[in-house]
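Right, one structure below, let's go through it.
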Amino acid sequence: MAEILGGIGISHVPSLARVVEQDRPELGGENHFAAFRDVAGWLADKRPDVLVVIYNDHGSALSLEVVPTFAVGVAASYLPADEGRGRRPVPAFPGAPELSWHIVDKVIPEGFDLTVCQRLDVDHGLSEPLVTLFGEVDEWPVRIVPVAVNVVQQPTPSAQRCFDLGRAIGRAIASSPGDERVVVVGTGGMSHQLQGERAGYINSAFDNSFLDDIVDDPQALTAYSNVEYIELAGSEGAELVMWLIMRGALDGNVREAHRGYRVPVSSTAAGIVAIENQ
Ligand code: DHB
Ligand code: FE
């Protein structure tokens, strides 16, 4: 049976991996991002075979003509998306089609109408966290199951719906006949707003309470409406609902392994948490 070792919540700011790399104290940096490197080490120690990555596309591969609320890739490989200047210069991501199909077969009959993608290019919402966690590699050390969530065009799925989907995905993974070691990753956030009157908006008090609750009381985070997420975390900070899918996939009995928070990265609050199934 497949095993879920734990989960990671991580921002996906496009400059994040470079900023974390340059901050290394041994390179003369200030160690603002120690937790990001700690989580990378934690992940390496866990030796996962597959990452189930909950991320959002930003109108790069999924145009606004067709907006699936939830989509899952079932491909053998995923190309990095062209976000305007050619495909991102990272290797293609190997897929885990057996696990993808198992999730599709279990989760759709439970009432979650996932869009099934035989082909899916993945943008910085997925690739940036993987570069942050694995560095610049010639070949990725894991296979992936990408799960794309619409947090870009209204109406977006509710926090409660996201948490429930995560629970269904967790049950599906736990019943997979394979013996994969799985880590679930939720990307995006923390608070930020990139446009409009509140551009540059950051809410550190909310971000820190979110980091507490995502570990100990995720149900509390399902009480906020989508409008409240935008009010509290900013229009793009509403990406945080994807961390609830990650958290829903874990057991009730978890422990926080690492956590970090830093303002600003770009005009964004950046956060990370690693949560272990006990
Ligand atoms: C930034 C943050 C995002 O979540 C994103 O998708 C793109 C850019 C930023 O802070 O620059
Ligand atoms: Fe984003």
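The values are calculated or read from the model by the stated rules, or taken from the named source; none is laboratory data. Values in this document were obtained by computation on a predicted structure and should not be read as measured data. Every residue, glycine among them, receives a Cβ derived from its backbone with ideal geometry; neighbour counts consider all protein chains shown. Ligands, DNA and RNA are excluded from the accessible area calculation, which covers all protein heavy atoms including side chains. Shrake-Rupley method; radii C 1.70, N 1.55, O 1.52, S 1.80 Å.
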* Structure fact -> Over the range 223-247, the set of residues in contact with a Gly (Cβ under 9 Å, 6 or more places away or on another chain), open to solvent by 10 Å² or more (accessible area, probe 1.4 Å) and either farther than 20 Å from Tyr55 by Cα or more than 16 Å from ligand 1 (Cβ to nearest atom) (or both) is Arg247
* Any pair with Cβ under 8 angstrom, 6 or more apart, that starts in the range 257-270 at a residue that is modelled with pLDDT of 95 or more and ends at one that is more than 12 Å from ligand 2 (Cβ to nearest atom) and basic (Lys, Arg) -> Ala269/Arg262; Ala270/Arg262
* **Qualifying position, being free of Cβ contacts under 8 Å to residues at least 40 places away in the same chain and small (Gly, Ala, Ser), among Gly125, Gly95, Gly84, Gly135** => Gly84
* **Selected residue (criterion: surrounded by the fewest Cβ atoms within 10 Å (Cβ to Cβ)) from residues of the range 19-28 that are assigned to a helix (DSSP H, G or I) and not acidic (Asp, Glu)** => Leu27
* Structure fact -> Scanning the range 177-209 for residues that are open to solvent by 70 Å² or more (accessible area, probe 1.4 Å) and touching a residue at least 12 places away in the same chain (Cβ under 8 Å) gives Pro177, Asp179, Leu194, Gln195, Arg198
* **Flag for Ser191 being in contact with a Lys or Arg (Cβ under 9 Å, 6 or more places away or on another chain) and either assigned to a loop (DSSP other than H, G, I, E, B) or away from ligand 1 (no atom under 16 Å from the Cβ) (or both)** => no
* Asked: Among the residues of the range 260-275, is any touching a His at 6+ places or on another chain (Cβ under 9 Å), among the polar types (S, T, N, Q) and open to solvent by 10 Å² or more (accessible area, probe 1.4 Å)?
  -> yes
* For the range 158-176, what are the residues that are outside any helix (DSSP H, G or I) and open to solvent by 10 Å² or more (accessible area, probe 1.4 Å)? -> Ser158, Ser175
* To do: Find all pairs meeting these conditions: Cβ atoms under 8 angstrom apart; at least six residues apart or on different chains; first residue within the range 1-27 and away from ligand 2 (no atom under 16 Å from the Cβ); second residue of a type in the set (Lys, Arg) and assigned to a helix (DSSP H, G or I).
  => Leu5/Lys46; Gly6/Lys46; Gly7/Arg247; Val20/Arg37; Arg24/Arg37
* **Answer from Val104, Val90, Val116 - the residue that is of a type in the set (A, V, I, L, M, F, W, C) and within 14 Å of Pro14 (Cα to Cα)** => Val90
* Asked: Hey, Gly125 hits all of (1) touching a strand residue (DSSP E or B) at 6+ places or on another chain (Cβ under 9 Å); (2) away from ligand 1 (no atom under 14 Å from the Cβ) but one; which does it fall short on?
  -> (2)
* If Thr69 passes every condition in (1) away from ligand 1 (no atom under 16 Å from the Cβ); (2) within 28 Å of His258 (Cα to Cα); (3) polar (S, T, N, Q); (4) within 18 Å of the chain's Cα centre (by Cα) but one, which one does it miss? -> (2)
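So that you can scan it fast, the table gives a plain yes or no per residue for (1) assigned to a helix (DSSP H, G or I); (2) surrounded by 15 or more Cβ atoms within 10 Å (Cβ to Cβ):
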{"position": "Gly9", "(1), (2)": "no, yes"}
{"position": "Val13", "(1), (2)": "no, yes"}
{"position": "Ala17", "(1), (2)": "yes, yes"}
{"position": "Glu30", "(1), (2)": "no, no"}
{"position": "Ala40", "(1), (2)": "yes, yes"}
* Index of the failed condition, Asp212 passing every other in (1) more than 24 Å from Ala148 (Cα to Cα); (2) in a helix (DSSP H, G or I); (3) open to solvent by less than 50 Å² (accessible area, probe 1.4 Å) -> (3)
